[in-house]
Amino acid sequence: MTPRHRIVAPRSTIELDAERALAHLEQLYRSAVALTGDRGEAEDLVQDVFEALLRRPRTIRDHASESAYLLTMLRHKYFDALRSKRRRPQVELDRVGEMHESRTGEAPDARAEQREVLDAVGLLPQHQREALVAVDVAGLSYGEAAAFLGVPLGTVMSRLHRARGSVVAAVGAPHGSHDRAPAPV
C-alpha cells in the first residue's frame, strides 16, 4: 500500500499597493473619521496609510483580507499619531469656519446630527470605539472584526452592544447631558 500524499495548492498572494487600496478609500475615510472625530485628522490618517503603501507595497494572502489589512494599518497609524501627540505639547488654534464646513446637499440639521453622533463615538472608551468603527463604519463582519481587533467574537459583540447603547443614550439625551464620558463598563 502506498502512502497517500495530500496535494495542497499554494495560497495565492496579492500585492496590495496604493492603487489597489483606492477601492477601499471611502471605507478607510469613514473609519478614520469615526476614530478621530475630526475630518482633517481623518484625511491625514488615510493619507499616511497610502503614503506607507506607496513607499512599500504589501503582500497579503488573498482578496478577502485587503480590507482588514488596510484597517489594521489605519489603526496602527492612529495609535502612532496618538503616541506622537502625547510626546509633543499641542497648541490648539482657532480654526475659523471649520464648524461651518459643509458638503453639498447636506442640510444643517443633518450635519448637526452627524456631529452629535461623532462626538458620542469620540467619548467611548477606546476598545468600544474600535469595535463600533470596525463593524458599523467599516462594515466588517463580527468575525472579521474579532480577527482585526485580536479578540474573541463574543468580546466584539459585547463591546459593540455597549458602544451602541452609549451612543444612542448620548444622542437621545437632552442637550448638554452628553458632555461627559459614558460610564465605564
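Here are a few things to note about the model shown:
- Residues of the stretch 11-58 satisfying the condition of being in a loop (DSSP other than H, G, I, E, B) and in contact with a Pro (Cβ under 9 Å, 6 or more places away or on another chain): ASP17
- Checking ARG162, ARG180, ARG88 one by one, the residue that is within 24 Å of GLN47 (Cβ to Cβ) and either basic (Lys, Arg) or modelled with pLDDT of 90 or more (or both) is ARG88 and no other.
- The stretch 136-167, subset in a loop (DSSP other than H, G, I, E, B) and not hydroxyl-bearing (Ser, Thr, Tyr), residue farthest from the chain's Cα centre (by Cα): PRO152
- Among the numbered conditions (1) under 16 Å from MET73 (Cα atoms); (2) surrounded by fewer than 23 Cβ atoms within 10 Å (Cβ to Cβ); (3) touching a residue at least 40 places away in the same chain (Cβ under 8 Å), the only one that VAL133 does not meet is (2).
- Sole exception among (1) of a type outside the set (Val, Ile, Thr); (2) at pLDDT below 85; (3) closer than 17 Å to ALA32 by Cα for ALA173, by number: (3)
- Positions within the stretch 45-58 being exposed (fewer than 13 other Cβ atoms within 10 Å of the Cβ) and in contact with a helix residue (DSSP H, G or I) (Cβ under 6 Å, 6 or more places away or on another chain), in sequence order: LEU54
- Taken over the stretch 59-77, the criterion of being hydroxyl-bearing (Ser, Thr, Tyr), touching a residue at least 40 places away in the same chain (Cβ under 8 Å) and either assigned to a strand (DSSP E or B) or out of contact with any helix residue (DSSP H, G or I) (no Cβ under 7 Å at 6 or more places or on another chain) (or both) is satisfied by THR59, TYR69.
The values are calculated or read from the model by the stated rules, or taken from the named source; none is laboratory data. Note that the coordinates shown come from a computational prediction; the quantities given were computed from them, not determined experimentally. Neighbour counts are summed over all protein chains in view; Cβ atoms, including those assigned to glycine, are modelled from backbone coordinates with ideal geometry.
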